[in-house]
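Student: Supplied in structure tokens, the structure appears directly below.
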Amino acid sequence: MKVTLNWLKDFVDIDISAEELAEKLTSAGFEVEELSYQNKHLHDVVVGKILKIERHPQADKLVVCQVDIGDKTTQIITAATNVFEGAIVPVSLPGADLINGIKISVSKLRGVESFGMFCSGEELGIDDNYFEGASVNGILILPEDFVPGTPIEKALNLDDIIFDINVTPNRPDCNSVIGIAREVCAVLSKQIKDVDFSYETVKNDNIQNYIDIEVKTENCPSYMGAVVKNLKIERSPIWIRSRLNAVGIKPINTIVDITNYVLIEQGQPMHAFDYENIEGKKIVVRQAEKDEKIAVLNQNSYILDGNDMVIADANKPMVIAGVIGGLNSCINNDTKITVFESASFDLKSIRITSKKLGVRTDSSARYEKGVSPVFQEIGLKRALNLIYKMQCGEIVDGIIDRKQVEIKEKNLVGSLARIDKILGIEIDREKIKQILNNLGIKTEINGDVITYQPPVCRDDIENENDLAEEIIRIYGYDVYDNFEGALFENSKVTEGKYHDRFKFENNLKNQLVDYGYYEVLNYSLYPSNACEKLLITDERINCVKIVNSLSEDLSTLRTVMAHSILSNISYNLSVNNKNLRFFEVGRVYLPKELPLKEQPVEQNKISMAVCHDGFNFFNMKHDVLALLEGLNLEYDLVYSKQPYLHPGVSADIVTKEGDVIGCFGKLHPTVAKNYDLPKEVYYAELDTDYLSTLTEKQYKVKEVPKYPIVERDLALLVKEEVSNKELYDSIKSSCGKMFYDLALFDVYRSDSFGENIKSMAYNLRLNNIEKTMTDEEVNQIIKKVLKALEYKFGAKLREL
């Protein structure tokens with residue numbers, strides 16, 4: 001929920017900083033996730049008036065302007081073609097830091113000094129919806145009545161501070177400015193100001209002459225309507241546009257902006273009908289008929305059924321109730337008469353329809369959380385007040401009110417002793433009374449008995465437990481340091497620790513971050529065609545399907561990690577992010593059989609994907625094997641059998657027991673194409689369930705050689721199917737005790753070698769711990785190595 005500081009000040013006298021208020025609200029259970037300052041990039045930007053324009057002496061396309069900025073005249077050089085003498089314009093002065101990253105300083109343009117820059121609407125962070133002319137490809141021309149020297153943030157109403165507040169599900173009454181204002185009153189011990197609901201109507205006209213309303217469904221507890229004629233549909237005043245813009249709503253026109261303003265301020269969704277499009281001059285709230293069709297504002301059409309609720313006229317549906325308006329009923333620039341709707345709908349009904357149709361709006365979001373039947377009258381009267389205040393229409397006398405439920409206030413009685421026991425402390429009774437009254441809970445205390453009357457919109461308050469929570473969140477969190485902390489009787493401190501797997505995974509994460517990887521988080525769900533895109537045809541195609549999934553992209557439990565992280569790579573490349581190294585720690589779900597008779601087997605994995613300039617198979621091999629370096633693990637690398645990896649540029653990690661615990665390599669070309677990826681993308685995956693059970697590797701140390709190490713380079717011609725591991729083991733075995741180290745430093749292919757032949761070049765290091773080796777001894781070992789390689793693999797020494 002976004003609210004602004006100035007909007008809150010309409011209802012509460014706030015005498016502390018925005019930062020302090022954010023801290024107090026968070027302590028009271030309303031976490032302020034972010035504070036945004038509209039003027040963050042508007043300092044050193046003022047209103048200026050161009051007094052004189054002259055051609056630049058050294059440039060035909062530049063002009064030199066003398067500009068009045070209030071306390072002095074300054075010189076600005078510009079290439080803009082829409083400026084003129086007498087124009088009122090935004091001027092950014094030296095020190096300004098604009099929203100597009102431009103930092104303003106004194107500069108020389110072709111030998112003439114410029115002491116700032118004129119600004120466009122884009123450079124101020126606004127467009128035509130906010131201020132007329134702001135989207136022009138040129139300098140923003142301001143109204144003539146703007147005073148030179150005025151900070152632009154003041155002139156354009158861009159000086160507010162925006163609170164982004166996390167409202168908990170049990171407090172739908174706080175999904176509004178007025179709801180948050182009540183909480184501010186409580187934390188600051190202030191009284192809330194009265195809202196202006198005053199307006200005047202046309203006394204010689206009555207709503208009964210225009211419209212009738214009938215409610216035919218139990219899913220609409222309350223429905224109210226009012227009529228406004230002789231509408232003036234135009235741009236709203238700057239004060240209403242600025243507030244809507246601040247909370248992320250695009251200003252449209254006077255009538256639409258009023259409904260949105262009431263939605264944010266009072267928490268009451270509203271709709272404005274074009275009166276001329278209401279057939280039969282009657283509004284009917286009913287359940288939709290089977291296969292009834294409606295075209296709506298998102299340019300789509302939907303087929304409805306009896307579970308959906310509609311607002312209809314005598315012949316057709318006009319609105320999907322609580323979700324979205326229809327194209328055949330919304331107002332337009334020619335509308336002269338409108339019918340305002342202010343209603344309450346069953347939250348379950350709205351959520352079912354919204355989810356089924358895949359349509360979510362600001363109104364549906366409010367209704368799904370619950371809109372109290374008490375808000376309709378408040379919202380409607382506030383809308384009529386704004387109509388009257390803005391003089392954008394004539395209000396017809398009368399309001400139609402169709403309530404199906406009686407609004408009753410709860411009169412509850414509780415025990416202060418019980419509240420003390422719940423809290424574990426005794427709070428001054430007058431303080432309790434003050435806190436509750438500031439929250440709008442009418443409270444009286446007589447001895448141990450507390451009588452309280454929650455607001456009708458506070459369905460969450462039913463007993464002493466709820467009351468105790470209200471008291472302590474305002475009182476206790478602010479001063480709890482004054483109380484001595486103590487454990488429960490017979491309790492003790494339990495030291496927590498990570499599960500071995502979590503600890504292991506955290507170590508892997510830290511290691512990968514050191515290598516330049518970024519962690520990604522994905523759902524454990526993916527689309528039903530994921531295995532097809534990955535060329536998987538084994539048992540992993542048997543996925544658990546989700547009933548009533550949010551979308552096709554999240555319709556099945558994943559059986560393989562690759563899809564999610566490859567989708568992350570693909571998306572980032574599509575928005576021109578390059579040189580990507582991602583990893584994800586997650587889980588796959590393998591059903592034993594379908595349909596499910598028991599829970600699927602859950603396996604924990606870590607996956608890695610890289611699309612980076614210069615990155616190759618051996619880089620990925622290094623990163624993967626480095627993760628295994630400190631583990632007591634013996635493994636072999638064999639050609640990978642994973643269908644989504646390139647068959648010749650990939651490897652499976654196989655334990656001595658024959659279990660495959662990981663894989664890595666280049667992505668299969670077909671898979672890369674399926675995900676709109678380039679060919680050079682590399683992927684790896686490890687089984688963290690298995691790896692986390694291993695002990696740390698015990699290293700054996702040996703004495704530093706006293707005698708020289710002898711090096712020889714061997715370039716071997718072998719068949720393509722011969723692996724590095726096979727050659728390594730054979731060479732090491734042939735060298736015996738003289739072996740010190742062996743490293744592959746080159747793999748080369750050429751048609752001159754013959755078909756299916758490659759060259760693998762090694763650096764072999766030999767050492768005798770007892771004496772210096774002679775050339776003859778070294779040559780004997782090399783002959784032995786080559787003979788063994790020729791016998792086992794048909795290897796030959798490549799002639800250089």
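Student: Those residues that are open to solvent by 20 Å² or more (accessible area, probe 1.4 Å) and within 15 Å of residue 140 (Cβ to Cβ), I need them from the range 62-85; list them, please. Working first, answer last.
Tutor: Taking the range 62-85 first, the residues open to solvent by 20 Å² or more (accessible area, probe 1.4 Å) are 62-63, 66, 68, 70-73, 75, 79-85.
Passing the criteria: 80, 81, 82, 83, 84.
Student: Only one of these is of a type in the set (A, V, I, L, M), out of contact with any Cys (no Cβ under 7 Å at 6 or more places or on another chain) and touching a residue at least 40 places away in the same chain (Cβ under 8 Å): 525, 521. Name it. Walk me through how you get there before you give the answer.
Tutor: Numbers: 525 fails: touching a residue at least 40 places away in the same chain (Cβ under 8 Å).
It is 521.
Student: Restricting attention to the range 532-551, which residues are surrounded by 12 or more Cβ atoms within 10 Å (Cβ to Cβ) and either in contact with a strand residue (DSSP E or B) (Cβ under 9 Å, 6 or more places away or on another chain) or not assigned by TED's automatic domain parsing to the domain that holds residue 598 (or both)?
Tutor: 540, 542, 543, 544, 545, 546, 549, 550, listed by residue number.
Student: Only one of 418, 382, 366 is open to solvent by less than 40 Å² (accessible area, probe 1.4 Å), at pLDDT 90 or above and among the basic types (Lys, Arg). Can you tell me which? Lay out the reasoning, then the answer.
Tutor: On the way: 418 fails: open to solvent by less than 40 Å² (accessible area, probe 1.4 Å); 366 fails: at pLDDT 90 or above.
Answer to the check: 382.
Student: Show the residue pairs that are 6+ apart or on different chains and have beta-carbon atoms under 7 Å apart, the first residue being within the range 367-382 and free of Cβ contacts under 8 Å to residues at least 60 places away in the same chain, the second being in a helix (DSSP H, G or I).
Tutor: The qualifying pairs are 368/347; 368/350; 368/351; 368/354.
Student: I've got another one for you. Considering only the range 295-309, state which residues are closer than 14 Å to residue 360 by Cα, of a type in the set (A, V, I, L, M, F, W, C) and open to solvent by less than 70 Å² (accessible area, probe 1.4 Å).
Tutor: Once the filter is applied, which keeps residues that are closer than 14 Å to residue 360 by Cα, of a type in the set (A, V, I, L, M, F, W, C) and open to solvent by less than 70 Å² (accessible area, probe 1.4 Å), the range 295-309 yields only 296.
Student: How many of the residues making up the range 717-734 are at pLDDT below 90, open to solvent by 50 Å² or more (accessible area, probe 1.4 Å) and touching a strand residue (DSSP E or B) at 6+ places or on another chain (Cβ under 6 Å)?
Tutor: The total comes to 1.
Student: Just a yes or no: is a residue in the range 319-327 of a type outside the set (Asp, Glu), under 21 Å from residue 263 (Cβ atoms) and either open to solvent by 60 Å² or more (accessible area, probe 1.4 Å) or without any contact (Cβ under 8 Å) to a residue 12 or more places away in the chain (or both)?
Tutor: Restricting attention to the range 319-327, the residues satisfying the condition of being of a type outside the set (Asp, Glu) are 319-327.
Retained after the next criterion (residues that are under 21 Å from residue 263 (Cβ atoms)): 319-327.
Add one more test, that the residue is either open to solvent by 60 Å² or more (accessible area, probe 1.4 Å) or without any contact (Cβ under 8 Å) to a residue 12 or more places away in the chain (or both), and what stays is 327.
Scanning the range 319-327, I find at least one residue that is of a type outside the set (Asp, Glu), under 21 Å from residue 263 (Cβ atoms) and either open to solvent by 60 Å² or more (accessible area, probe 1.4 Å) or without any contact (Cβ under 8 Å) to a residue 12 or more places away in the chain (or both), so the answer is yes.
Student: If residue 268 passes every condition in (1) of a type outside the set (Ser, Thr, Tyr); (2) open to solvent by 30 Å² or more (accessible area, probe 1.4 Å); (3) part of a loop (DSSP other than H, G, I, E, B); (4) under 26 Å from residue 397 (Cβ atoms) but one, which one does it miss?
Tutor: (2)
Student: Here's something else I'd like to know. Filter the range 691-716 down to the residues that are under 17 Å from residue 783 (Cβ atoms) and aliphatic (A, V, I, L, M), then identify the one that is surrounded by the most Cβ atoms within 10 Å (Cβ to Cβ).
Tutor: Filtering the range 691-716 for residues that are under 17 Å from residue 783 (Cβ atoms) and aliphatic (A, V, I, L, M), the one surrounded by the most Cβ atoms within 10 Å (Cβ to Cβ) comes out as 716.
Student: Okay, next question. Give the range 159-175 a look and list any residue that's touching a Lys or Arg at 6+ places or on another chain (Cβ under 9 Å) and either among the hydrophobic types (A, V, I, L, M, F, W, C) or surrounded by fewer than 16 Cβ atoms within 10 Å (Cβ to Cβ) (or both), or say none.
Tutor: Our first condition is that a residue be touching a Lys or Arg at 6+ places or on another chain (Cβ under 9 Å); within the range 159-175, this holds for 160, 162-165, 167, 169, 171-175.
Hits for the range 159-175 are 162, 163, 165, 167, 169, 174.
Student: Quick one: which of 91, 147, 106 is over 28 Å from the mean Cα position of the chain (by Cα) and surrounded by 18 or more Cβ atoms within 10 Å (Cβ to Cβ)? Spell out the reasoning first.
Tutor: Values: 147 fails: surrounded by 18 or more Cβ atoms within 10 Å (Cβ to Cβ); 106 fails: surrounded by 18 or more Cβ atoms within 10 Å (Cβ to Cβ).
Just a single option satisfies the conditions, and that option is 91.
Student: Exactly one of these conditions fails for residue 42: (1) out of contact with any Pro (no Cβ under 8 Å at 6 or more places or on another chain); (2) part of a loop (DSSP other than H, G, I, E, B); (3) not β-branched (Val, Ile, Thr). Give me its number.
Tutor: Of the numbered conditions (1) out of contact with any Pro (no Cβ under 8 Å at 6 or more places or on another chain); (2) part of a loop (DSSP other than H, G, I, E, B); (3) not β-branched (Val, Ile, Thr), the odd one out for residue 42 is (1).
Student: Can residue 344 be described as of a type in the set (S, T, N, Q), closer than 28 Å to residue 463 by Cα, in the same structural domain as residue 281 (by TED's automatic domain parsing) and buried (at least 22 other Cβ atoms within 10 Å of the Cβ)?
Tutor: On the way: of a type in the set (S, T, N, Q): yes; closer than 28 Å to residue 463 by Cα: yes; in the same structural domain as residue 281 (by TED's automatic domain parsing): yes; buried (at least 22 other Cβ atoms within 10 Å of the Cβ): yes.
Here the answer is yes, as residue 344 does meet what is asked.
Student: Next question, about the same structure. What are the residues in the range 425-434 that are at pLDDT below 90 and open to solvent by less than 10 Å² (accessible area, probe 1.4 Å), if any?
Tutor: 427
Student: Condition first: over 13 Å from residue 624 (Cα atoms), open to solvent by 50 Å² or more (accessible area, probe 1.4 Å) and not in a helix (DSSP H, G or I). Now tell me which residues in the range 500-520 satisfy that.
Tutor: 518, 519 - these are the residues of the range 500-520 that are over 13 Å from residue 624 (Cα atoms), open to solvent by 50 Å² or more (accessible area, probe 1.4 Å) and not in a helix (DSSP H, G or I).
Student: Also, I was wondering about something else. Go through (1) crowded, with 16+ Cβ neighbours inside 10 Å; (2) within 28 Å of residue 372 (Cα to Cα) for residue 394 and report which single condition fails.
Tutor: For residue 394, the failing item is (2).
Student: Continuing with this model, one more query. Does residue 233 fit the bill of being assigned to a helix (DSSP H, G or I) and among the aliphatic types (A, V, I, L, M)? Please lay out each step first, then the result.
Tutor: On the way: assigned to a helix (DSSP H, G or I): no; among the aliphatic types (A, V, I, L, M): yes.
Judged against the criteria, residue 233 is not a match.
Student: Among the numbered criteria (1) in contact with a helix residue (DSSP H, G or I) (Cβ under 8 Å, 6 or more places away or on another chain); (2) buried (at least 16 other Cβ atoms within 10 Å of the Cβ), which single criterion is violated by residue 99?
Tutor: Checking residue 99 against (1) in contact with a helix residue (DSSP H, G or I) (Cβ under 8 Å, 6 or more places away or on another chain); (2) buried (at least 16 other Cβ atoms within 10 Å of the Cβ), the one that fails is (2).
Student: Taking into account only those residues within the range 391-405 that are under 41 Å from the mean Cα position of the chain (by Cα), part of a loop (DSSP other than H, G, I, E, B) and not β-branched (Val, Ile, Thr), which is farthest from residue 217 (Cα to Cα)?
Tutor: Let us first name the residues in the range 391-405 that are under 41 Å from the mean Cα position of the chain (by Cα), namely 391-393, 401-405.
Among the residues that remain, those that are also part of a loop (DSSP other than H, G, I, E, B) are: 391-393, 404-405.
Narrowing further to those that are not β-branched (Val, Ile, Thr): 391-393, 404.
Working: 391: 36, 392: 34, 393: 32, 404: 9 Å.
For the range 391-405, the residue satisfying everything is 391.
Student: For residues that are among the charged types (D, E, K, R) and open to solvent by 30 Å² or more (accessible area, probe 1.4 Å), scanning just the range 181-210, find the one that is farthest from residue 16 (Cα to Cα). Give the derivation first.
Tutor: Of the residues in the range 181-210, the ones among the charged types (D, E, K, R) are 182-183, 190, 193-194, 196, 200, 203, 205.
From what is left, the residues that are open to solvent by 30 Å² or more (accessible area, probe 1.4 Å) are 182, 190, 193-194, 196, 200, 203.
On the way: 182: 16, 190: 12, 193: 17, 194: 21, 196: 25, 200: 37, 203: 45 Å.
Filtering the range 181-210 for residues that are among the charged types (D, E, K, R) and open to solvent by 30 Å² or more (accessible area, probe 1.4 Å), the one farthest from residue 16 (Cα to Cα) comes out as 203.
Student: Let me ask you something else. Would you confirm, using the coordinates I've provided, whether residue 410 is more than 19 Å from residue 206 (Cα to Cα) and either in a strand (DSSP E or B) or open to solvent by 50 Å² or more (accessible area, probe 1.4 Å) (or both)? Explain how you work it out, then say what you get.
Tutor: Details: more than 19 Å from residue 206 (Cα to Cα): yes; either in a strand (DSSP E or B) or open to solvent by 50 Å² or more (accessible area, probe 1.4 Å) (or both): yes.
Spelling it out, residue 410 is indeed more than 19 Å from residue 206 (Cα to Cα) and either in a strand (DSSP E or B) or open to solvent by 50 Å² or more (accessible area, probe 1.4 Å) (or both).
Student: Being without any contact (Cβ under 8 Å) to a residue 60 or more places away in the chain and part of a strand (DSSP E or B) is the filter here; which residues of the range 271-306 pass it?
Tutor: Going through the range 271-306, the residues without any contact (Cβ under 8 Å) to a residue 60 or more places away in the chain turn out to be 277, 279-280, 288-295, 297, 299-306.
Within the range 271-306, 292, 293, 294, 295, 301, 302, 303, 304 qualify.
Student: Hey, any hits in the range 351-358 for a residue that's of a type in the set (Ser, Thr, Tyr), touching an Asp or Glu at 6+ places or on another chain (Cβ under 6 Å), assigned by TED's automatic domain parsing to the domain that holds residue 372 and open to solvent by less than 10 Å² (accessible area, probe 1.4 Å)?
Tutor: Filtering the range 351-358 for residues of a type in the set (Ser, Thr, Tyr) gives 353-354.
Checking which are touching an Asp or Glu at 6+ places or on another chain (Cβ under 6 Å) leaves us with 353.
From what's left, assigned by TED's automatic domain parsing to the domain that holds residue 372: 353.
If we keep only those that are open to solvent by less than 10 Å² (accessible area, probe 1.4 Å) as well, we get 353.
The answer is yes, given that some residue of the range 351-358 is of a type in the set (Ser, Thr, Tyr), touching an Asp or Glu at 6+ places or on another chain (Cβ under 6 Å), assigned by TED's automatic domain parsing to the domain that holds residue 372 and open to solvent by less than 10 Å² (accessible area, probe 1.4 Å).
Student: Under the condition of being open to solvent by 50 Å² or more (accessible area, probe 1.4 Å) and farther than 18 Å from residue 90 by Cβ, which residue from the range 38-61 is nearest to the chain's Cα centre (by Cα)?
Tutor: 61
Student: Can you tell me which residue among 178, 249 is crowded, with 16+ Cβ neighbours inside 10 Å, within 35 Å of the chain's Cα centre (by Cα) and outside the structural domain of residue 331 (by TED's automatic domain parsing)? Reasoning before the result, please.
Tutor: Details: 249 fails: outside the structural domain of residue 331 (by TED's automatic domain parsing).
Sole residue among the options that is crowded, with 16+ Cβ neighbours inside 10 Å, within 35 Å of the chain's Cα centre (by Cα) and outside the structural domain of residue 331 (by TED's automatic domain parsing): 178.
The values are calculated or read from the model by the stated rules, or taken from the named source; none is laboratory data. On a predicted model such as this, the values are computed, not experimentally measured, just so you know. So basically every Cβ, Gly included, is an ideal-geometry build from the backbone, and we count neighbours across all protein chains shown. Side chains are part of the model used for accessible areas, which takes the heavy atoms of the whole protein and leaves out ligands, DNA and RNA. Shrake-Rupley method; radii C 1.70, N 1.55, O 1.52, S 1.80 Å.
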